[in-house]
1. Using a cut-off of 29 Å between alpha-carbon atoms, which lysines can reach K78, once sequence neighbours fewer than 8 places away in the same chain are excluded?
2. What Cys residues in the chain are without a partner cysteine, judged by a Cβ distance under 4.7 Å?
3. Of all accessible surface on the chain at a 1.4 Å probe, what whole percent is carbon and sulfur?
4. Need the list of aspartates and glutamates near K117 for cross-linking: C-alpha distance under 13 angstrom, and skip anything on the same chain fewer than eight residues off.
5. Grab the other residues whose beta carbon is less than 14 angstrom from that of D138, score K and R as +1, D and E as -1, and report the net.
6. Amide H neighbours of V121 under 5 Å, at least 5 residues apart or on other chains, H built in the peptide plane: list them.
7. Sort out for me the Cα centre separation of segment 143-169 from segment 54-125, rounded to whole Å.
8. Would you check the accessible area of Y109, probe 1.4 Å, heavy atoms only, in square angstrom rounded to 10?
Amino acid sequence: MASGDILRYVVAWKFPIGLQAKEYMDAGELVPDEIVLELLRLRLAQDDARQGFVVDGFPRTLPQAVALDDILSEIGQKLDVVVYLDVPDELIVLRLSARASCPTCGRTYNLLANPPKKDMVCDRDGTALFQRDDDRPDVIANRLGVFHRQTRPLVKYYEDRDLLVAVDGAGSEEEVLERIVGEINRKTGGAA
Ligand code: AMP
């Protein structure tokens, strides 16, 4: 599950909490911790999270990381590993500017490196692709600034707790996935 997807869902369905979140998302700012934490608490309490889960894009601030520990102890779970995908800012800008997504199946494309067979149409289900409003150059620049100021400090937070694996996020989807799986297995001694 991805915190950004959960937020886009409550925005799209015009839930009151989504109306509050939208202005922050449009500007490339972080949505206030209380809102994100309320949504995550609800999501993690659902049945399908009982056997474990992967959260993408969360936590993004120190208070979120601290609150995550409380949520996990409430539901009797613990963090096994935190994956930090390390990608240079210039590559992030290139990737986000060329990103298009399918609203039906969620598949994402890079319009330059990995375009769909038919222009702006999903290969899997034929739905028209869209580009996110916050993938505009000015908003991307703000999101990167926010990341360095508010989220990057979490790398040290999780390093100090011996939970972090840093993965080189440059390269193809397949290469990066292989690295992530390898690093998680190395860290946890498991077979992810
Ligand atoms: P993402 O889909 O992860 O790129 O997130 C898109 C936007 O949703 C971000 O720019 C934030 O405005 C908001 N967002 C997603 N996750 C979080 C989070 N954990 N904390 C605060 N805001 C978030």
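1. Partners found: K156, K187.
2. C105
3. 55
4. Leaving aside aspartates and glutamates fewer than 8 places away in the same chain, those within reach of K117 are D125.
5. My count for the surroundings of D138 gives -2.
6. Correct list: L129.
7. Segment 143-169 and segment 54-125 have Cα centres separated by 15 Å.
8. My reading of the accessible area for Y109 is about 10 Å².
The values are calculated or read from the model by the stated rules, or taken from the named source; none is laboratory data. Source: prediction; values computed, not measured. Glycine also receives a Cβ, built like all others from the backbone with ideal geometry; neighbour counts cover every protein chain displayed. Remember, those area values only see protein heavy atoms, side chains included, never the ligands or the DNA or RNA. Shrake-Rupley method; radii C 1.70, N 1.55, O 1.52, S 1.80 Å.
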